[in-house]
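For reference, the structure is listed below as structure tokens.
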Amino acid sequence: MTSITPPAGRAKAYKRPGDRIFSATATGAGITILVVLAGVAGFLLYEALPALRADSADLPGGEGLASYVLPLAFGTLLSAAVALAIATPLAVGIALFISHYAPRRLAQSLGYIVDLLAAVPSIIFGLWGLTVLAPRTAELSVWLAENLGFIPLFAGPPSATGRTMLTISVVLAVMILPIITAVSREVFLQTPRLHEEASLALGATRWEMIRMSVLPFGKSGVISAAMLGLGRALGETMAVAIILSPSGGVTFNLIGQGNPSTIAANIALQFPESTGVAVNTLIASGLALFLVTLAVNIAARWIVSRRSEFSGAN
């Protein structure tokens with residue numbers, strides 16, 4: 001049996017004009033994203049240089065740039081982390097109910113409601129948190145301080161107004177809940193039917209089928225959804241500015257009167273009245289938020305890539 005070899009120097013496979021246009025468009029879009037990201041980073045760094053070079057006495061607070069930015073970064077990470085801890089289990093439960101438990105009509109209605117919740121402006125959540133949630137969390141804070149005061153998160157003394165990090169965390173959890181739910185729902189619906197039917201055929205209950213087939217398949221997607229929600233929580237501005245009554249400092253106490261502010265809310269509140277090096281200081285804090293968000297997304301991509309070898313289609 002003889003083999004046929006292509007002639008030497010044969011031209012590459014011909015690409016149709018549509019393929020070339022699409023390839024060039026996709027490449028250009030990817031390069032544009034990198035250029036825009038580099039431009040934002042360069043702008044923040046350039047505008048933050050005066051604050052990085054200035055004397056500590058010339059900066060707001062008079063104690064140096066690190067003393068100004070670190071409490072804000074701490075408050076940003078604390079509120080976002082607590083919100084993520086509250087929202088992720090609820091979102092996964094809602095997504096599983098919509099995808100595997102609810103009747104089709106009810107699942108469609110719940111899906112629409114979740115999608116509409118994601119479109120509510122943040123200022124509406126802020127007003128809701130200030131007028132409805134804060135007074136009710138004030139009573140809850142008293143109970144937490146009396147019964148769980150040995151935990152640093154609830155050490156107290158509780159705030160009488162309820163405008164605390166706990167209220168902010170709950171509001172942020174509600175804001176990121178539809179994002180995590182929508183992505184997780186779509187990931188769970190992509191689970192191969194053969195895996196689900198095989199588990200049920202072997203005698204597994206519906207929960208056992210979900211635990212052994214659906215959750216392992218969608219784990220990386222849930223992580224990606226949680227990171228998207230975390231990015232929303234890290235950058236939230238208006239809701240935090242409306243509700244929180246910041247006093248500076250670094251504390252893990254979620255129900256006390258002393259609350260660290262967040263970077264985004266502090267910029268929104270201080271920028272209109274700032275001049276000179278104070279503006280550069282705020283931009284430097286924005287650079288810190290940019291780096292924190294970038295680090296979170298890099299970590300998320302690394303976690304997802306470590307699980308990329310698992311495929312439900314195998």
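Counting other beta carbons within 10 Å of each residue's own, what order do 53, 16 fall into, fewest first?
Details: 53 11, 16 8.
Ordered from fewest to most neighbouring Cβ atoms within 10 Å, 53, 16 come out as 16, 53.
Of 252, 217, the sequence from fewest to most neighbouring Cβ atoms within 10 angstrom is 252, 217. With the simple model of a label 7 Å out from the Cα in the direction of the Cβ, residue 268 to residue 193 spans 4.6 nm.
Coupling constants for region 106-113 follow from the phi torsions by the Karplus curve (6.51 cos²θ - 1.76 cosθ + 1.60, θ = phi - 60°), and in residue order they are 5, 5, 5, 5, 5, x, 5, 5 Hz; glycine and proline get x.
Model label sites at residue 148 and residue 131, defined 7 Å from Cα along the beta-carbon direction, differ in position by 2.9 nm. As a length-normalised measure over Cα pairs under 8 Å and 6 or more apart, the relative contact order of the chain settles at 27 percent.
What's the FRET efficiency of residue 46 with residue 67 using the Cβ-Cβ distance as r and R₀ = 22 Å, to the nearest 0.05? Please list the in-between numbers first.
On the way: r = 23 Å, r/R0 = 1.04.
Approximately 0.45, to the nearest 0.05.
With θ taken as phi - 60° and the Karplus curve 6.51 cos²θ - 1.76 cosθ + 1.60 applied, the whole-hertz 3J(HN,Hα) list for region 72-87 is 5, 5, 5, x, 5, 5, 5, 5, 5, 5, 5, 4, 5, 5, 7, 7 Hz, x standing for glycine and proline.
Per-residue 3J(HN,Hα) values for region 128-140, derived from phi via the Karplus relation 6.51 cos²θ - 1.76 cosθ + 1.60 with θ = phi - 60°, read 4, x, 6, 8, 10, 6, 4, x, 7, 6, 5, 5, 5 Hz in sequence order (x marks Gly and Pro). Give me the net charge of residue 185's neighbourhood, meaning all other residues with Cβ under 15 Å from the Cβ of residue 185; Lys, Arg count +1, Asp, Glu -1. Combined, the nearby Lys, Arg, Asp and Glu give 0. With the convex hull constructed from alpha-carbon coordinates only, region 188-314 shows a mean projected area of 11.2 nm² over all directions.
Is the chain best put as rounded, prolate or oblate by its Cα gyration tensor, with a ≥ b ≥ c the root eigenvalues, rounded for a/c under 1.5, and otherwise prolate when a/b is larger than b/c, oblate when not?
Numbers: a/c = 2.57, a/b = 1.31, b/c = 1.96.
Judged from the Cα gyration tensor, the chain comes out oblate (a/c at least 1.5, b/c at or above a/b).
The numbers here are math on the coordinates, done by the rules we state, and not lab data. Remember, it's a predicted structure, so these values are computed and weren't measured experimentally. Here Cβ is always computed from backbone atoms with ideal geometry, including for glycine, and neighbour counts include all displayed protein chains.
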